[in-house]
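**Student:** Please find one structure pasted underneath; my questions will follow.
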Amino acid sequence: MNCVLSPADVLLYTTRLTEAEKAYHDLVTGGSARVVVDQNGQRVEFTAARKTDLYNYIMSLKSALGVCSPIGGVPSGPATFYF
């Protein structure tokens with residue numbers, strides 16, 4: 001399958017990857033807030049992302065930027081040859 005990303009897609013995926021990596025870093029280091037209260041007393045609560053889901057999303061973005069594949073492009077193991 002010949003899959004070439006357009007420059008716009010590369011920019012979009014790169015931006016998403018940067019945002020996802022920052023979110024992952026914040027999640028792992030405890031920097032992501034779950035509840036934010038502004039100066040007016042309005043409370044906004046965020047759902048915490050699952051670390052493995054976020055990691056898998058990052059890997060799929062990296063894969064899309066390197067090799068296009070309909071299933072994510074992450075090999076499940078070494079190639080095996082049968083004779």
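The values are calculated or read from the model by the stated rules, or taken from the named source; none is laboratory data. Just so we're clear, the structure is a prediction, and the values are computed from it rather than from any experiment. Using ideal geometry, Cβ is built from the backbone for each residue, glycine included, and neighbour counts are taken over all protein chains shown.
**Student:** Can you say whether Asp38 is of a type in the set (Asp, Glu) and modelled with pLDDT of 80 or more, as far as the supplied structure shows?
**Tutor:** no
**Student:** So which of Leu5, Leu27 ends up being surrounded by 13 or more Cβ atoms within 10 Å (Cβ to Cβ), modelled with pLDDT under 85, out of contact with any Pro (no Cβ under 6 Å at 6 or more places or on another chain) and not in a loop (DSSP other than H, G, I, E, B)?
**Tutor:** Answer to the check: Leu27.
**Student:** Identify all residues within the range 41-66 that are modelled with pLDDT of 75 or more and among the aromatic types (Phe, Trp, Tyr); write none if there are none.
**Tutor:** Passing the criteria: Tyr55, Tyr57.
**Student:** If you don't mind, another one. Return the total of residues in the range 8-24 being under 16 Å from Tyr55 (Cβ atoms), free of Cβ contacts under 8 Å to residues at least 40 places away in the same chain and either surrounded by 14 or more Cβ atoms within 10 Å (Cβ to Cβ) or among the hydrophobic types (A, V, I, L, M, F, W, C) (or both).
**Tutor:** 3
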